[in-house]
Amino acid sequence: MSITISSMRAEDCSAVSEIEKECFSQPWSPEDIERQLTLSMARTFVAKDGEKTVGFINVWVVADEINLNNIAVTSAYRGKGIGRTLLEHMEKNITAERCNLEVRVSNEAAIGLYRSMGFEEVGLRRAFYKEPTEDALLMTKHYR
Ligand SMILES: CC(C)(COP(=O)(O)OP(=O)(O)OC[C@H]1O[C@@H](n2cnc3c(N)ncnc32)[C@H](O)[C@@H]1OP(=O)(O)O)[C@@H](O)C(=O)NCCC(=O)NCCS
């Protein structure tokens, strides 16, 4: 396994859509993914094993604030440090005051990742998610 991280390009979008469909009950559509390339506030990084896209992270940056919209690693590649590498790469490449995110309260893997990277729980949004309905934990990390 040889993992590299790069900014998402047009040719990566269909693989990112597949990972999105695999990982989320209400995935972004392929058009939503492609639109990220045209939004000035959006940054998307992909993780590749050789030529194969195995994960991605998408954030929106508004003023001094990052909102982490999506991070996902295809199931066969989980637990190998790729999620952490994507998050670290995003943090190295974007300067901001803080990063905010929402995560399903049952999502132990993601919450474990965020906690291990210094994110703190700052609130709860009731019934934020559908399919299935579930609360969102709000987490924040301050960089300065
Ligand atoms: C969340 C996700 C991106 C993590 O990616 P990953 O590559 O498997 O994570 P890593 O191997 O980099 O793990 C980094 C840390 O996360 C935590 N973690 C990862 N998997 C975990 C699990 N199953 N249970 C608890 N903690 C876990 C650990 O703290 C781990 O550090 P450690 O290996 O030193 O213990 C991945 O599980 C995923 O794609 N899930 C489906 C999509 C999703 O739910 N995304 C989050 C939306 S908010």
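The lysines within cross-link reach of K52, meaning a Cα-to-Cα straight distance under 28 Å and a gap of 8 or more places when in the same chain, are K21, K80, K92.
Applying both filters, DSSP loop and at most 14 other Cβ atoms within 10 Å, to the GluC sites (Glu not before Pro) of the range 20-92 gives E51. Which trypsin sites (Lys or Arg not before Pro) from the range 12-85 combine a DSSP loop assignment with at most 16 other Cβ atoms within 10 Å? Loop-located and lightly packed - R78, K80. In the chain, one over the average inverse separation of all distinct C-alpha pairs is 15.5 Å, which is the Kirkwood hydrodynamic radius.
Here the contact order of the chain, divided by its residue count and restricted to Cα pairs under 8 Å and six or more residues apart, works out to 19 percent. Candidate cross-link partners of K141 among the aspartates and glutamates, defined by an alpha-carbon separation under 17 Å and a same-chain spacing of 8 or more, comprise D64, E65, E88, E91, E97, E102, E120, E121.
Every read-out reported here was derived from the displayed coordinates using simple, explicitly stated rules and does not represent laboratory data. From a predicted model like this one, the values you see are computed outputs, not experimental measurements. Neighbour counts are summed over all protein chains in view; Cβ atoms, including those assigned to glycine, are modelled from backbone coordinates with ideal geometry.
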